[in-house]
Amino acid sequence: MKKQNAAAKRNASKANASESAKVAIRQLPTGVRGLDEILGGGIPEFSFNIIAGTPGCGKTTLAHQLVFANATPQKPALYFTVLGEPAMKMLRYQQQFSFFDEAKLGKAIRFFNLAEVLVEQDLDAVLAEIVEQVTSVSPGIVVVDSFRTVMRNATNTASEAELQVFIQRLAQFLTSWEATTFLVGEYAESEIKDNPLFTIADGLLWLWQVTERNSVVRKMQVMKLRGQASVPGLHTIRIGDNGLQAFPRTLGLMGKKTTSGRRRRLSTGIPELDTMMGGGILEGDSLIVAGPSGTGKSALATQFIAEGLRQGESAIMALFEERPQGYTDRASGFGLDLKKPQATGKLEVLYLRPLDLSVDEAMQAILDAIERTGARRLVIDSLMGFEMALAPGFRTDFRESLYRMIAALTGAGVTILSTVEVEDSFTAMPLSHYAISFLTDDIIRMRYVEIDGQIRKVMVVMKMRGGNHSKDIREYVITDEGVVIIGPRETDYTGLTTGIPTRVGKREDPAPETKATK
Amino acid sequence: MREFAARLMAHEAAAARSADPGVSAAFAVPDRMRTQIATLAGNGGHRALLMRTLALAGSEVSWLKNSRVGADGHLKGPNLSVVPVDPDEVTKGGIELVAQLIGLLVAFIGERLTLQLVREVWPKLPAKDLNFNI
């Protein structure tokens, strides 16, 4: 036993020793929203990185965000400009972004132009100049923009071996001086194999502008990052007033699931529909309301939101078709006030129609609104409008993206009502164009039927994942109170789902809305 | 902007303890700003900026038309012993030159960064003088 204890102690002390010997790599924030998550926490300190991509994809803006996020007078950033874009030009444009802080220029962020040394001398002189500046400033961050220009200029006079030696010496020097380095350059993907720079680099961030039909979207990939697990794949990026913003593919999936235990049933604001649904929608469910244009999907969605507001819950409406004003006006026609809750912050109406939208951006906007309002109910009106707002390249992945988005939002305990427009067929009753019913817990189908020379409306609860529900096809009307489901019919019909039913009983029911007599 | 330029020239003359009313005094301010501007724009960019400044100022003060930007980035003026110019005109030319140079900087990098650059060059310039509007 004693021997065993001694061995255990030895192993424990070995484990402690190896734990304490393990180097802790500090991670620097990028200053780019969403990018730290993609990188697995941030940029590893003292790493030697490449920011590569085609012109106009945001490389310099990214470098500036990194610099402004990390530079301090004690650990300044040294920004070497080369040919092409001198500091003055950069400052002119970069000061338009919100991250730009002119107070940092001079002491915390210093620019140095390498153009003359590069043009008039050789790589040794360039390295000597970098060494001199770095030695005198002791920067925490070093950027060379564009490093590609340095190399391209040098290829005329230096051999490939000399170029490799230059890169090697530069990397060794900057890392030894405890600088985190970013070499910015316009590279093509085909160069990855042969360029020694990519072998030496610890991190390789690749930025793209992808053109498809008339749309252009920006994307980013972490091709390489030593020492930590980054999120693989292409992530959407957008350049806005705050500079670059990245939308990780894992957006929303990393959050905690909050739906557990017994879930409440939420009222739709239409008592008869709640009864049809077995008491209402289960909290955290995703409900799809499918039907052709004019059947009252948006009216039903508005009632669902208004009911939540009545019960003190916050809510979000993500609109992709109708403008918010039209929505608010219609609600007002039903006696539902959406203006006041918007003014008090209980309701946010998001009108998401930027050019070339991605699902991730829409999800980020919704998640931000949830964070701000604490919303428990969300309406997406409509999925088709959402799809139309997406850049063509994102439409291909719409179903997967939507699945991810709905899973993330319902996982956060939000109950979602999405509307889907479907065309009425007079032989079948399709649920939607996308076969997306797999991503929804509950489905309500609305449709037109022809009865007694009138086009009337019926609805049915097709699916309730969380319990039993009514199988009745119920007629409803849209009045000044919104969607109103009328009482069960006395007259029996068959073939209602085809849209042209046949009466199989006596005519007992009067028309729910007056028929013309003249 | 001309008032600001005049203050800068006066400050530079006081700092240099120079009462020289000649061309070198008129060019002293742009010369002092050379390092900072070259850091931001490169030597080539600095030279281009001075050439534009000279072109703009030369249309207001004629003797500046006989000035040029040297390869080293310094302004070279006419020889006043050969081409005499009224001392007031020389001062006026200096002010115009500085005003145009500062104006260009403001157009490119904005007022705040231009003032920051000026402060870097003349750290002792009183804060009240760092204002384009007085």
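The values are calculated or read from the model by the stated rules, or taken from the named source; none is laboratory data. The shown structure was predicted, so the numbers you read here are calculated from the model rather than taken from an experiment. Cβ placement follows ideal geometry from the backbone for every residue including glycine, while neighbour counts extend to all protein chains displayed.
Going by the conditions given, is B:G73 within 13 Å of chain A (Cβ to nearest Cβ) and touching a strand residue (DSSP E or B) at 6+ places or on another chain (Cβ under 6 Å)?
Details: within 13 Å of chain A (Cβ to nearest Cβ): yes; touching a strand residue (DSSP E or B) at 6+ places or on another chain (Cβ under 6 Å): no.
In short, no.
Output the qualifying pairs, or none if there are none: Cβ atoms under 7 angstrom, residues six or more apart or on different chains, first residue in the range A:25-44 and of a type in the set (K, R), second residue not in a loop (DSSP other than H, G, I, E, B).
A:R33/A:Q245; A:R33/A:A246
If the requirement is being within 14 Å of chain A (Cβ to nearest Cβ), among the aliphatic types (A, V, I, L, M) and in contact with a helix residue (DSSP H, G or I) (Cβ under 6 Å, 6 or more places away or on another chain), which of these qualifies: B:L97, B:L64, B:L105, B:L50?
B:L105
Please state which of the following conditions A:E178 fails to meet, knowing it meets all the rest: (1) surrounded by fewer than 21 Cβ atoms within 10 Å (Cβ to Cβ); (2) more than 14 Å from every other protein chain (Cβ to nearest Cβ); (3) touching a strand residue (DSSP E or B) at 6+ places or on another chain (Cβ under 6 Å).
Looking at each condition in turn, A:E178 falls short on (3).
Just the residues that are within 18 Å of A:L91 (Cα to Cα) and more than 8 Å from every other protein chain (Cβ to nearest Cβ), please, taken from the range B:38-47.
B:H46
Look through the range A:133-151, keep the residues that are modelled with pLDDT under 90 and in contact with an Asp or Glu (Cβ under 9 Å, 6 or more places away or on another chain), and return whichever of them is nearest to A:P73 (Cα to Cα).
The qualifying residue nearest to A:P73 (Cα to Cα) is A:S146.
Sort through B:S67, B:S59 and tell me the only one that's in contact with a Lys or Arg (Cβ under 9 Å, 6 or more places away or on another chain), surrounded by fewer than 17 Cβ atoms within 10 Å (Cβ to Cβ) and among the hydroxyl-bearing types (S, T, Y).
Selected residue: B:S59, the only one of B:S67, B:S59 that is in contact with a Lys or Arg (Cβ under 9 Å, 6 or more places away or on another chain), surrounded by fewer than 17 Cβ atoms within 10 Å (Cβ to Cβ) and among the hydroxyl-bearing types (S, T, Y).
Within the range A:199-250, considering only strands (runs of 3 or more DSSP E) that don't extend past its boundaries, which have at least 3 residues that are out of contact with any Lys or Arg (no Cβ under 8 Å at 6 or more places or on another chain), at pLDDT 95 or above and not hydroxyl-bearing (S, T, Y)?
A:215-225
Enumerate the helices (runs of 4 or more DSSP H) found wholly within the range B:18-130, keeping only those where 3 or more residues are under 22 Å from A:F112 (Cβ atoms) and without any contact (Cβ under 8 Å) to a residue 60 or more places away in the chain.
B:34-58, B:87-121
Give me the residue from the range A:311-341 that is free of Cβ contacts under 8 Å to residues at least 12 places away in the same chain and assigned to a helix (DSSP H, G or I) and, out of that set, farthest from A:R456 (Cα to Cα).
Result: A:K340.
Restricting attention to the range B:108-134, which residues are closer than 26 Å to B:S59 by Cα and away from every other protein chain (no Cβ under 14 Å)?
Scanning the range B:108-134 gives B:N131, B:F132, B:N133, B:I134.
Which of (1) closer than 24 Å to A:A71 by Cα; (2) surrounded by 17 or more Cβ atoms within 10 Å (Cβ to Cβ) does A:G240 not meet, given it meets every other one?
Checking A:G240 against (1) closer than 24 Å to A:A71 by Cα; (2) surrounded by 17 or more Cβ atoms within 10 Å (Cβ to Cβ), the one that fails is (2).
Looking for something of a type in the set (D, E), touching a residue at least 40 places away in the same chain (Cβ under 8 Å), part of a loop (DSSP other than H, G, I, E, B) and over 21 Å from A:I281 (Cα atoms) - is there at least one such residue anywhere in the range A:490-499? I'd like the intermediate steps shown before the answer.
Filtering the range A:490-499 down to residues of a type in the set (D, E) leaves A:490, A:492.
Still in the list and also touching a residue at least 40 places away in the same chain (Cβ under 8 Å): none.
Among the residues of the range A:490-499, not one is of a type in the set (D, E), touching a residue at least 40 places away in the same chain (Cβ under 8 Å), part of a loop (DSSP other than H, G, I, E, B) and over 21 Å from A:I281 (Cα atoms), which makes the answer no.
Looking at A:G227, A:G240, which one is of a type in the set (G, A, S) and free of Cβ contacts under 8 Å to residues at least 60 places away in the same chain?
Numbers: A:G227 fails: free of Cβ contacts under 8 Å to residues at least 60 places away in the same chain.
When all the criteria are applied, what remains is A:G240.
How about the range A:105-120: which of its residues are touching a residue at least 24 places away in the same chain (Cβ under 8 Å), touching a helix residue (DSSP H, G or I) at 6+ places or on another chain (Cβ under 9 Å), surrounded by fewer than 17 Cβ atoms within 10 Å (Cβ to Cβ) and not hydrophobic (A, V, I, L, M, F, W, C)?
Residues of the range A:105-120 touching a residue at least 24 places away in the same chain (Cβ under 8 Å): A:107-115, A:118-119.
Imposing the further condition that a residue be touching a helix residue (DSSP H, G or I) at 6+ places or on another chain (Cβ under 9 Å) reduces the set to A:108-115, A:118-119.
With surrounded by fewer than 17 Cβ atoms within 10 Å (Cβ to Cβ) added as a condition, the list becomes A:119.
Residues satisfying the conditions do not exist here.
When residues of the range A:150-191 are filtered for being among the small types (G, A, S) and more than 28 Å from A:K219 (Cβ to Cβ), how many remain?
6
So is A:T61 away from chain B (no Cβ under 14 Å) and among the β-branched types (V, I, T) or not?
Criteria met by A:T61.
Which members of the range A:76-121 meet the condition of being assigned to a loop (DSSP other than H, G, I, E, B), at the interface with chain B (Cβ under 8 Å from one of its Cβ atoms) and under 33 Å from the mean Cα position of the chain (by Cα)?
Correct list: A:Q95 only.
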